[in-house]
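One structure is given here, and the rest of the page talks about it.
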Amino acid sequence: RTPMFGTRLPRYRTRSGAFDDMVAAQIRRLNGAWPQLVKPVQFAVEDVPPSQPAPWEPEPSFASQFSLRATAPRRIVLYRMPIQSKSRSRMDLELAIRDEVVLRLAELYGRRPDEIDPDWSL
């Protein structure tokens, strides 16, 4: 069977696929400005946070987490469902993803978020 919608039509992408595309766009944008900060970090998207918080996290976050363990690579994980549930429109979702990625990068490197992205949280 062929798909009901063409690959170029907006309905072809699932919500999770569109979310992944938005995260990738933010990573590409930040990589253009800060390649030395973004390249060594692994990014991932999961649907929901685990029921047990990660042992390295002092306080659990329901939107994302990052890892600083010496034995593992630096990693930022965004949780799709909590971020989507707070967003009322596509623009809200894009801004929430941007803010979350910038916030986690800033925490990872001990910088202020507005140093990494001057438009953070506007």
query: Just to be sure, is Ala72 among the hydrophobic types (A, V, I, L, M, F, W, C), open to solvent by less than 30 Å² (accessible area, probe 1.4 Å) and modelled with pLDDT under 70?
result: yes
Among residues of segment 80-108 being of a type in the set (Asp, Glu) and in contact (Cβ under 8 Å) with a residue 40 or more places away in the chain, the residue most open to solvent (accessible area, probe 1.4 Å) is Glu107
Quiz item: Given the structure, is Ile97 in contact with a Phe, Trp or Tyr (Cβ under 6 Å, 6 or more places away or on another chain) and modelled with pLDDT of 90 or more?
Solution: no
Checklist entry - Can you spot a residue in segment 109-120 that is open to solvent by 80 Å² or more (accessible area, probe 1.4 Å) and part of a helix (DSSP H, G or I)? => result no
Of (1) open to solvent by less than 70 Å² (accessible area, probe 1.4 Å); (2) out of contact with any Pro (no Cβ under 9 Å at 6 or more places or on another chain); (3) modelled with pLDDT under 70, Pro53 fails just (2)
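The values are calculated or read from the model by the stated rules, or taken from the named source; none is laboratory data. Bear in mind that the values here come from a model prediction, so they are computed numbers and not experimental data. For neighbour counting, all protein chains shown are included, and Cβ atoms are generated from backbone atoms with ideal geometry for every residue, glycine included. Ligands, DNA and RNA are excluded from the accessible area calculation, which covers all protein heavy atoms including side chains. Shrake-Rupley method; radii C 1.70, N 1.55, O 1.52, S 1.80 Å.
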